[in-house]
Amino acid sequence: IGSASLGVRAEPRDDVAIISLSAGSRASAVFTRNAFCAAPVTVAREHLAGAAPRYLLVNAGNANAGTGTRGLADARSCCEALATRAGCTP
């Protein structure tokens with residue numbers, strides 16, 4: 001588990017966490033039932049429907065809702081960047 005400040009909030013504080021999971025780990029989640037959900041929720045649903053996750057990327061301090069296609073692209077980009085650094089697939 002690691003955390004860092006990416007500058008999402010004005011005051012300095014850790015606003016992102018990365019949690020490493022052992023190979024073969026299983027994960028489940030409870031998501032909102034709201035049809036209008038934030039982009040990271042959509043991306044997380046997609047990822048959990050596929051292969052077993054190796055990492056969880058969690059951000060705090062920003063709702064990320066109502067961002068449309070740009071938000072989806074940003075959420076996917078964050079996952080791709082983490083996967084590249086970790087040497088796994090997003």
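Every read-out reported here was derived from the displayed coordinates using simple, explicitly stated rules and does not represent laboratory data. Please read all numbers here as calculations on a predicted model, not as lab measurements. All Cβ positions, even for glycine, are placed from backbone atoms using ideal geometry, and neighbour counts span all protein chains on display.
Tabulated results
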| read-out | value |
| --- | --- |
| HN-Hα J in Hz across the range 53-59 - Karplus 6.51, -1.76, 1.60, θ = phi - 60°, x for Gly and Pro | x, 9, 9, 10, 10, 10, 10 |
| Relative contact order %, the chain, counting alpha carbon pairs below 8 Å whose residues are six or more apart | 28 percent |
| Residues whose placed amide H lies under 5 Å from that of Asp14, excluding near-sequence neighbours | none |
| In the chain, the chymotrypsin sites (Phe, Trp or Tyr not before Pro) that fall in loop regions by DSSP, at most 14 other Cβ within 10 Å | Phe31, Phe36 |
| Hz values of 3J(HN,Hα) by residue in the range 21-32 - Karplus curve (6.51, -1.76, 1.60), Gly and Pro given as x | 10, 5, 4, x, 5, 10, 9, 9, 8, 10, 10, 4 |
| Theoretical FRET efficiency, 1/(1+(r/R0)^6), r = Cβ-Cβ of Ala83 and Val41, R0 22 Å, to 0.05 | 0.70 |
| For the range 12-52: span of alpha carbons on each principal axis (Å, largest first) | 35, 32, 14 |
| Selection from Asn64, Ser20, Leu48, by position along the positive dipole direction of the range 2-86 (Cβ) | Leu48 |
| For the range 35-44, 3J(HN,Hα) per residue [Karplus equation, 6.51 cos²θ - 1.76 cosθ + 1.60, θ = phi - 60°, Hz, x = Gly/Pro] | 5, 9, 9, 5, 3, x, 5, 4, 5, 4 |
| Förster-model FRET efficiency, 25 Å R0, Leu72 and Glu11, C-beta, rounded to 0.05 | 0.35 |
| Sum of -39500 (n - 2.57) over DSSP H runs of 4+, divided by residues of the chain (222 nm, nearest 500) | -11000 deg cm²/dmol |
| Whole-Å semi-axes of the ellipsoid equivalent to the chain (Cα gyration tensor, √5λ, descending) | 20, 18, 12 |
